[in-house]
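Chemist: Next up is a structure, given as structure tokens.
The values are calculated or read from the model by the stated rules, or taken from the named source; none is laboratory data. Being a predicted model, the structure only gives us computed values, none of them experimental. Heads up, the Cβs are rebuilt from the backbone with ideal geometry, glycines too, and the neighbour counts pull from every protein chain shown.
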Amino acid sequence: MNVREQRAQTTTFTPYHDNDDFVLDTRLRDSEYLAADYSIADIANYCWARTASWSGVESRDLAHLSRWIKAIGARPAVRRGLEVPTQGQLGKTDDEFVRSVQKMVM
């Protein structure tokens with residue numbers, strides 16, 4: 001299912017403009033980062049964007065957003081941050097962790 005099909009099925013808030021453009025992808029069309037330079041805007045939105053497929057939004061057909069996710073994810077500090085807590089600290093498999101998080105938000 002592509003982004004436009006997903007939007008058609010959504011009845012709650014969506015991160016889209018009225019013309020079906022994804023807000024972040026539209027912004028990143030003309031900019032390397034969400035603000036003029038790498039900022040808290042990128043840090044805050046990366047956390048959501050990198051896991052968007054889990055909530056049903058696919059970024060693979062959004063070229064600018066996909067580029068940005070890869071670029072932010074390649075930053076050394078971001079990579080280190082993603083390792084906290086480590087899998088061993090969680091004491092759960094990936095599937096167990098996902099199920100426990102889903103219970104919190106559903």
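Chemist: It is to be established whether one or more residues within region 17-31 are among the small types (Gly, Ala, Ser), at negative phi and modelled with pLDDT under 90. Don't jump to the end; show me each part of the working.
Modeler: Filtering region 17-31 down to residues among the small types (Gly, Ala, Ser) leaves 31.
Now restrict to residues that are at negative phi: 31.
Checking which are modelled with pLDDT under 90 leaves us with none.
For region 17-31, residues among the small types (Gly, Ala, Ser), at negative phi and modelled with pLDDT under 90: absent.
Chemist: Follow-up question, since we're still on this one. Could you list all residues from region 72-85 that are assigned to a helix (DSSP H, G or I), over 21 Å from residue 98 (Cα atoms) and out of contact with any Phe, Trp or Tyr (no Cβ under 6 Å at 6 or more places or on another chain)?
Modeler: 76, 77 - these are the residues of region 72-85 that are assigned to a helix (DSSP H, G or I), over 21 Å from residue 98 (Cα atoms) and out of contact with any Phe, Trp or Tyr (no Cβ under 6 Å at 6 or more places or on another chain).
Chemist: Tell me, which residue of region 40-71 that is within 25 Å of residue 99 (Cβ to Cβ) and of a type in the set (A, V, I, L, M, F, W, C) is surrounded by the most Cβ atoms within 10 Å (Cβ to Cβ)?
Modeler: 49
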